[in-house]
Amino acid sequence: MKPIATTRSASSIPTGRLAIWWVLASEVVIFGGLLGSYIMHRLGHPEWGETAAHTNTWIGAFNTLVLLTSSLMAVLAHDAAEQGDGKKAARFIGMTMLGGITFACVKSFEWYTEISHGFTITLNGFWSFYYTAAGLHALHVIAGTIIMGFIAFDANRGRELQRVELIGIYWHFVDIVWIFLFPLLYIAK
């Protein structure tokens, strides 16, 4: 028997789904404010284009491919969970986690390279925004990857399969944020 909190809510939307959408609404405010202020500052500082030219577009593009592929794996995990196949869902969540880990490792290498060339958070306004926005995003990737580990553990045992959808919704949000960050930080030079 499922706890009532997972099967009912006042709005007739499952409680977990309602909760994840509330979390994402607050995340939209956070990232929206950050990206909005970045755009406003960028418009007022055309010299940032020269500084932004030092970001590695190929690394950013590779990480975009990694996140989009991991998002596909999250969709396949959700499909498997909907069919009641927890073991298959867990395998796809594992592949999604691999994408998150790959993203974090590539981002670490990228930051090591940039910092070793003197592009630090204190160098100028562009790098402050760059590290803040990309760092906040990377923290969301890491948090999502860790949470997926717990969900995959339960899914592999056929338990709490509805949570596969919830982490998938979160992961798609993380991808959407990156779709905004990539052109703003890497392409718009």
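The values are calculated or read from the model by the stated rules, or taken from the named source; none is laboratory data. Computed from a predicted model, the values in this text were never measured in an experiment. No Cβ is skipped: glycine too gets one built from the backbone with ideal geometry, and neighbour counts run over all protein chains shown.
When you look at residue 188, is it more than 20 Å from the chain's Cα centre (by Cα) and surrounded by fewer than 16 Cβ atoms within 10 Å (Cβ to Cβ), yes or no?
Working: more than 20 Å from the chain's Cα centre (by Cα): yes; surrounded by fewer than 16 Cβ atoms within 10 Å (Cβ to Cβ): yes.
Here the answer is yes, as residue 188 does meet what is asked.
So which residues in the range 97-148 are of a type in the set (Gly, Ala, Ser) and surrounded by 15 or more Cβ atoms within 10 Å (Cβ to Cβ)? It would help to see each step written out before you state the result.
Of the residues in the range 97-148, the ones of a type in the set (Gly, Ala, Ser) are 99-100, 104, 108, 116, 118, 125, 128, 133-135, 138, 143-144.
Answer for the range 97-148, where residues must be of a type in the set (Gly, Ala, Ser) and surrounded by 15 or more Cβ atoms within 10 Å (Cβ to Cβ): 99, 100, 104, 125, 128, 133, 134, 138, 144.
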* Of the conditions (1) closer than 22 Å to residue 188 by Cα; (2) in contact with a Ser or Thr (Cβ under 6 Å, 6 or more places away or on another chain), residue 61 fails just one. Which one is it? -> (2)
* To do: Answer with yes or no whether residue 30 is assigned to a helix (DSSP H, G or I), modelled with pLDDT under 95, within 16 Å of residue 174 (Cα to Cα) and of a type in the set (Val, Ile, Thr).
  => no
